[in-house]
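S.K.: A single structure is presented below for examination.
The values are calculated or read from the model by the stated rules, or taken from the named source; none is laboratory data. Note that this is a predicted model, so its numbers are computed, not measured. As a convention, Cβ positions derive from the backbone with ideal geometry for all residues, glycine included, and neighbour counts pool all protein chains shown.
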Amino acid sequence: MSRARFLLAGLVQLLVGAGTVQGSMVLFRFVLHPALVSALGLDVSAASATRRLGVFAAVMGSYWAFVRWYERRPVRELRVEWRWLLVGAVAGSLSIAAPIALLYASGHYQVTSVRGLGGVTDVLFVIIVAAVIEEVTFRGLLFRILEERVGTRLALAVSAVVFSVAHYANNGFTPTTLIAVVLTGLMWSAIYVASRSLWVAAAHHCCWNATIFLTGLPLSGQEEWRRQAPLLSEYHGSVLWSGGAFGPEDSVLSIGLSLVICLALWRLARAMDSTFPRPAQIGIN
């Protein structure tokens, strides 16, 4: 197979996968969910919970169906290994909690009030579903299919840039944010490379986001959720240190730690022989 045809086949594969997953979400949200709400007479709270659970199920089911029926292989990346899932979750929280703690200690962050846990459950539910959808989209589809066609290194770079650009419209996005989100994209792709598990990457992603939300700081520029956080925190001083309106992900402390984590994960993946060479090195010409 020529390189051009090999890459074109990958593009078609990516479009079919994205269309399958996105199409399933659209079908559930705008057809099946309204029908369920009407048939069961669900109130606002029940309808909201049903929508989130349904979107989650639609994404996971459609991704599984795409891999099994289009790619015709076992869906190994969705196997659950609870020990590594727990490791991913704890590491995700600590990876962002460390720079946040330093910024509280240095006075760049300050807790101004405590609200309690009343509004936490709904937001955490949304954070979990959103993180899983992003992992399926950016790691399960975009990164994985790119990796098969262009190798691990180039796939890491391309998927991380696309992930960052996808956050361009978020509140507080700056040139520094571009670097910060590229590094988080690299980090979650590298976690997938090292673990070959979408669940481990999703656990890290979920707990990273949840930790930011629980501190009452902006999460990727999201201000609305701050009103439901158990703590109300304010940021002060240079945007380079505090992260400003985008949040602690944009702080130079978080950027530096993310870079270290990315390098460590790359070394781990290489040591585990978990990276893919460029296709030219395996007979595609």
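S.K.: Among Ala49, Ala89, which is the only one that is outside the structural domain of Ala194 (by TED's automatic domain parsing) and either part of a helix (DSSP H, G or I) or closer than 19 Å to Met25 by Cβ (or both)?
M.R.: Ala49
S.K.: Now, a different point. Based on what the data block shows, is Gly116 at pLDDT below 95 and either within 23 Å of Gly256 (Cα to Cα) or in contact with a His (Cβ under 9 Å, 6 or more places away or on another chain) (or both)?
M.R.: The answer is no for Gly116.
S.K.: Would a scan of region 226-235 turn up a residue that is touching a residue at least 40 places away in the same chain (Cβ under 8 Å), surrounded by fewer than 22 Cβ atoms within 10 Å (Cβ to Cβ) and either within 22 Å of Val182 (Cα to Cα) or in contact with a Cys (Cβ under 6 Å, 6 or more places away or on another chain) (or both)?
M.R.: no
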